[in-house]
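Worksheet: the structure to be examined is printed underneath.
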Amino acid sequence: MSDDDLDAVGPGWQPDPERAGYERWFDGTAFTGRAHREPDLFSAFSPAVARSLRPGPNRDARLARLGIALTILGFVTQLLASSGLVSVRGVDDTALVLLALAFAAAVAALTAVLALRALHRAPRLGGKGIATLALGVSIILGLAPVLLLVAIGLAGGAGLPS
């Protein structure tokens with residue numbers, strides 16, 4: 001692709017002029033970031049989906065991608081705490097469950113905020129797919145169990161042992 005061709009191109013993944021078989025983020029005026037292999041045409045995802053799962057220069061999308069891992073960790077932590085498989089000396093089991101829920105909710109809320117910011121910036125900076133995935137994971141694994149706990153509390157603790 002010549003420089004004249006790039007003048008008419010908006011932000012997006014373009015073939016890397018320095019490495020055949022690779023592409024880099026083109027911000028509309030210059031190439032930025034590091035090169036990635038071009039998506040395989042015969043992979044499980046279409047090239048457009050594979051590109052959208054890369055955060056590119058979208059810092060919020062990169063942080064939201066990290067938030068996916070932390071949200072999963074928070075979900076596992078609350079599962080372990082609520083099942084009684086983990087105990088901490090000197091900490092009541094109920095307090096441990098509440099701490100695990102608070103950790104999961106805080107991480108999920110932060111991931112959701114970062115994902116929403118990344119989605120807002122995705123048309124310019126890329127990362128729409130990974131931001132969408134982060135938003136879904138944060139809602140399902142992080143916030144939904146907390147909302148269930150709130151609903152149980154509002155119902156008067158129905159079904160909870162006393």
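Remark: the Ala30-Leu116 segment gains 28.4 nm on full extension, using 0.36 nm per residue and subtracting the alpha carbon distance. Our summary gives segment 61-162 a relative contact order of 36 percent, counting only alpha carbon pairs under 8 angstrom and 6 or more residues apart.
Using the alpha-carbon centroid of each, what span in Å lies between segment 8-80 and segment 89-162? If we compute the Cα centre of each part, the gap is 24 Å. Modelled label positions at Leu99 and Arg19, each set 7 Å beyond Cα in the direction of Cβ, lie 4.4 nm from each other.
Helices of the chain meeting both criteria, an alpha-carbon length of 24 angstrom or more along the long axis and an average Kyte-Doolittle score not below 1.0, with helices taken as full DSSP H segments, are 93-125. Here the accessible area is traced with a 1.4 Å probe on the protein chains. For segment 35-162, carbon and sulfur cover 71 percent of it.
Rolling a 1.4 Å probe across the protein heavy atoms gives segment 79-162 an accessible surface of 62 Å² per residue.
Tell me what the chain gives for mean residue ellipticity at 222 nm when only DSSP H runs of n ≥ 4 count, each as -39,500 (n - 2.57), the sum divided by the residue total, rounded to 500 deg cm²/dmol. Walk me through the numbers before you get to the answer.
Numbers: 6 runs with 89 residues, N = 162.
My calculation for the chain gives -18000 deg cm²/dmol from helical runs alone.
Modelled this way, with points 7 Å down the Cα-to-C-beta line, the labels at Arg59 and Arg89 are 4.3 nm from one another.
The values are calculated or read from the model by the stated rules, or taken from the named source; none is laboratory data. All values reported here derive from a predicted model rather than from experimental measurement. Positions of Cβ are backbone-derived with ideal geometry, glycine not excepted, and every protein chain shown enters the neighbour counts. For accessibility, only protein heavy atoms count, side chains too; no ligands or nucleic acids. Shrake-Rupley method; radii C 1.70, N 1.55, O 1.52, S 1.80 Å.
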